[in-house]
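Take a look at the structure set out below.
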Amino acid sequence: MSAPVAVIPARFAASRFPGKPLTPIAGKPMVQHVYERCVEAGCFSQVIIATDDARIEAAARSFGATCVMTSPSCASGTDRVAEVATALGLLGDAVLINVQGDEPAVHPGSLATLAKTFDDPAVDMATLVRPLREDERPNPNVVKVVLDEARNALYFSRADLPFQRDPGAPVPRFAHLGLYGYRARVLLRLATLPPTALEKTESLEQLRALGHGIRIACRVTEHSTQAVDRPEDVPLAEAALTRLFEGR
């Protein structure tokens with residue numbers, strides 16, 4: 001089986017931050033940083049930028065990236081990755097990694113960890129988690145994940161889970177990193193499934209998979225990242241890039 005394909009969904013018309021993928025981060029468009037982190041991971045057979053905007057396509061081609069144009073009607077990054085799978089004829093057990101286009105400092109080692117998860121033929125869908133900091137527990141913007149004994153996801157939530165009734169019985173706590181890998185057959189199925197009530201309540205797309213019985217394998221990374229959701233996150237992302245480069 002060939003190495004996984006990395007797909008970077010990049011949408012220009014984000015409601016909170018229009019044009020976000022082309023925002024300059026340390027002198028380069030943000031999406032270029034994400035592309036370079038994927039290339040540096042050294043574990044992908046292809047790295048593809050998926051977009052519905054000609055400006056992003058032009059920028060991607062300017063720094064040598066392969067770009068696939070997708071429909072403007074895609075409701076999520078998952079839908080955009082599914083369109084790429086269809087366009088490339090990726091079926092069955094082929095693996096695609098959905099790399100968020102707004103995380104320029106994603107660690108290449110984290111990407112390699114996620115890709116390697118699919119060495120296990122029993123894994124159909126996978127994601128990454130990291131240790132949760134104590135100060136993050138009440139923050140609804142940091143998504144928590146509860147794992148079973150085999151490190152599969154039991155539930156994702158914005159709430160502080162699990163509840164600790166006995167303060168003398170600490171439990172490992174994990175934060176979710178928004179990177180996903182899928183077998184093509186699972187991805188194409190997921191793209192056709194309706195949203196679930198829990199997904200809508202928490203506003204967490206991964207709950208659709210759990211709600212429809214798709215198991216999500218979780219792998220722990222010590223590497224954090226910095227998403228760019230708003231313009232004021234740009235300096236934070238640049239600082240995260242500095243730390244990433246200094247740590248090499």
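Values computed for the structure shown
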| quantity | calculated |
| --- | --- |
| First in the range 210-235 and in contact (Cβ under 8 Å) with a residue 12 or more places away in the chain, second anywhere and surrounded by fewer than 17 Cβ atoms within 10 Å (Cβ to Cβ) and acidic (Asp, Glu), Cβ under 8 Å, 6 or more apart | Ala217/Asp120 |
| Subset of the range 90-102 (residues that are under 16 Å from Arg80 (Cβ atoms) and not hydrophobic (A, V, I, L, M, F, W, C)) | Asn98, Gln100, Gly101, Asp102 |
| Residue satisfying all of: in the range 126-142; outside any strand (DSSP E or B) and of a type in the set (A, V, I, L, M); farthest from Gln164 (Cα to Cα) among these | Val142 |
| Members of the range 188-210 found to be surrounded by 13 or more Cβ atoms within 10 Å (Cβ to Cβ) and either hydroxyl-bearing (Ser, Thr, Tyr) or not in a helix (DSSP H, G or I) (or both), listed by number | Ala191, Leu193, Pro195, Thr196, Leu204, Glu205 |
| Hits in the range 1-43 - residues which are in contact with a Gly (Cβ under 9 Å, 6 or more places away or on another chain), in a loop (DSSP other than H, G, I, E, B) and surrounded by 15 or more Cβ atoms within 10 Å (Cβ to Cβ) | Pro4, Arg11, Phe12 |
| In the range 102-125, residue nearest to Gly181 (Cα to Cα) [restricted to those that are in a loop (DSSP other than H, G, I, E, B) and among the β-branched types (Val, Ile, Thr)] | Val123 |
| Ala153 touching a Gly at 6+ places or on another chain (Cβ under 6 Å) and crowded, with 16+ Cβ neighbours inside 10 Å | no |
| Given (1) surrounded by fewer than 19 Cβ atoms within 10 Å (Cβ to Cβ); (2) farther than 17 Å from Val171 by Cβ, index of the condition Ala126 fails | (1) |
| Matching residues, the range 47-72, being outside any loop (DSSP other than H, G, I, E, B), buried (at least 17 other Cβ atoms within 10 Å of the Cβ) and polar (S, T, N, Q) | Thr51 |
| Residue in the range 77-86 that is in contact with a Pro (Cβ under 8 Å, 6 or more places away or on another chain) and in a loop (DSSP other than H, G, I, E, B) present | no |
| Single residue of His223, His176 found to be within 20 Å of Phe118 (Cα to Cα) and in contact with a His (Cβ under 6 Å, 6 or more places away or on another chain) | His223 |
| Verdict on Arg185 being touching a residue at least 60 places away in the same chain (Cβ under 8 Å), more than 18 Å from the chain's Cα centre (by Cα) and more than 27 Å from Pro104 (Cβ to Cβ) | yes |
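This table checks each residue for (1) of a type in the set (Lys, Arg); (2) within 20 Å of Tyr182 (Cβ to Cβ); (3) within 16 Å of the chain's Cα centre (by Cα).
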position	(1), (2), (3)
Ala26	no, no, no
Met30	no, no, yes
Ile49	no, yes, yes
Ile56	no, no, no
Cys67	no, no, no
Thr70	no, yes, no
Thr86	no, yes, no
Asp93	no, yes, no
Gln100	no, yes, yes
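Read-outs: derived from the displayed coordinates by stated rules, not from any lab. Please read all numbers here as calculations on a predicted model, not as lab measurements. Please note: Cβ atoms are built from the backbone with ideal geometry, for glycine as well, and neighbour counts cover all protein chains shown.
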